[in-house]
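One structure is given below, encoded as structure tokens.
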Ligand SMILES: [Zn+2]
């Protein structure tokens, strides 16, 4: 298995769902709060986020990149991190990740984070944009004088973006969840919904008619469409983010053939694996939870390798903020693949050459094919 481990170590990854690292230095509380995904409020005791699988995994796997011993204690870790500064930490972490291509969700327009060009420069890799459909709709509603123009403005802008962006993403999971009517709305229903929405004083688009309109517009343009699924912050209702609730929608759009990518999926990775088997155009990853489950991430990766065809599984980190997450996602993925697939080789369940082919698919070839990367 050591030759196989070397193969896994050396393969370059496509990180098909990621966000920008922090752009500049911040205080320790910012770092600590960024290590908690579920609680969207500021933690009363931010140091509790060190006492987690993710906190332990950072000290185990990232400390060496900061010239510290493995398992350096939190005070040593933070002290050295602050001494090097966010940009230098980011340079070290993103370059050590072994990622050739980052597919960046630009939905958060916060100035605290690097944009795709900034991530490309920091990491030495290529960056590609994924368009956030709800953010686009919010921008257009705020800009147009007559809500009747919404559909044509949205269509034109999405078409322009599709010439450079490699895919689209919906956060429907955060905007009422999957158990809603996702049929393609009529033009008059879209105009009526746009009028209703622009008359209110809402910040975030949660009108299912306008969200469904965006989803169908992206599919018709042939833009690979990502859905946030499962684990996220508590703004979503977890049980409404179960991808099994998408089955009616998936049946209705499968004939179009546009790829649909289920992101994160935890704790519904088994449902997602079933959907990847059941529908020609459905794919999944277990990013985000890979980082957050740390030493348990091998079990998560193993579950993602149950029902899904291997041509339907992708790698992502879903890193956002601390660049440890950009590195650790890749580090834990390599560890888990070596342990899980390597174990199947050892048990003579899989041949090593089959395992290498699967690693090649999941690490990069599936993403390159689905997003038609250059
Ligand atoms: Zn994300």
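Out of all the residues in segment 45-55, is one or more within 16 Å of the ligand (Cβ to nearest atom) and touching a helix residue (DSSP H, G or I) at 6+ places or on another chain (Cβ under 6 Å)? Yes, some residue in segment 45-55 is within 16 Å of the ligand (Cβ to nearest atom) and touching a helix residue (DSSP H, G or I) at 6+ places or on another chain (Cβ under 6 Å). Selection of segment 54-95 for residues being closer than 28 Å to residue 116 by Cβ and outside any helix (DSSP H, G or I) yields 62, 85.
Okay, residues lined up against (1) within 16 Å of the ligand (Cβ to nearest atom); (2) over 21 Å from residue 369 (Cα atoms); (3) modelled with pLDDT under 95:
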position: 282; (1), (2), (3): no, no, no
position: 291; (1), (2), (3): yes, yes, no
position: 305; (1), (2), (3): no, no, no
position: 310; (1), (2), (3): no, no, no
position: 329; (1), (2), (3): yes, yes, no
position: 345; (1), (2), (3): no, yes, no
position: 349; (1), (2), (3): no, yes, no
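Rundown of residues vs (1) within 28 Å of residue 65 (Cα to Cα); (2) buried (at least 16 other Cβ atoms within 10 Å of the Cβ); (3) in contact with a helix residue (DSSP H, G or I) (Cβ under 6 Å, 6 or more places away or on another chain), yes/no style:
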| position | (1), (2), (3) |
| --- | --- |
| 332 | yes, yes, yes |
| 340 | yes, yes, yes |
| 348 | no, no, no |
| 358 | no, yes, yes |
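Residues in segment 244-252 include none that are touching a residue at least 12 places away in the same chain (Cβ under 8 Å), over 22 Å from residue 150 (Cβ atoms), within 16 Å of the ligand (Cβ to nearest atom) and within 22 Å of the chain's Cα centre (by Cα). Looking at segment 135-248, the helices (runs of 4 or more DSSP H) lying wholly inside it that each contain 3 or more residues that are more than 30 Å from residue 35 (Cβ to Cβ) and in contact with a strand residue (DSSP E or B) (Cβ under 7 Å, 6 or more places away or on another chain) sit at 208-220. Across segment 27-36, the number of residues qualifying as in contact with a helix residue (DSSP H, G or I) (Cβ under 6 Å, 6 or more places away or on another chain) and either surrounded by 15 or more Cβ atoms within 10 Å (Cβ to Cβ) or at pLDDT below 95 (or both) comes to 5. Scan 99, 89 and give me the residue that is crowded, with 17+ Cβ neighbours inside 10 Å and within 16 Å of the ligand (Cβ to nearest atom). After ruling out the rest, the residue left standing is 99.
Only a single item in (1) free of Cβ contacts under 8 Å to residues at least 24 places away in the same chain; (2) surrounded by 17 or more Cβ atoms within 10 Å (Cβ to Cβ) is not met by residue 73, and it is number (2).
The values are calculated or read from the model by the stated rules, or taken from the named source; none is laboratory data. Given the structure is predicted, the values throughout are model-derived calculations rather than measurements. In this analysis, Cβ positions are derived from the backbone assuming ideal geometry, glycine residues included, and neighbour counts consider all displayed protein chains.
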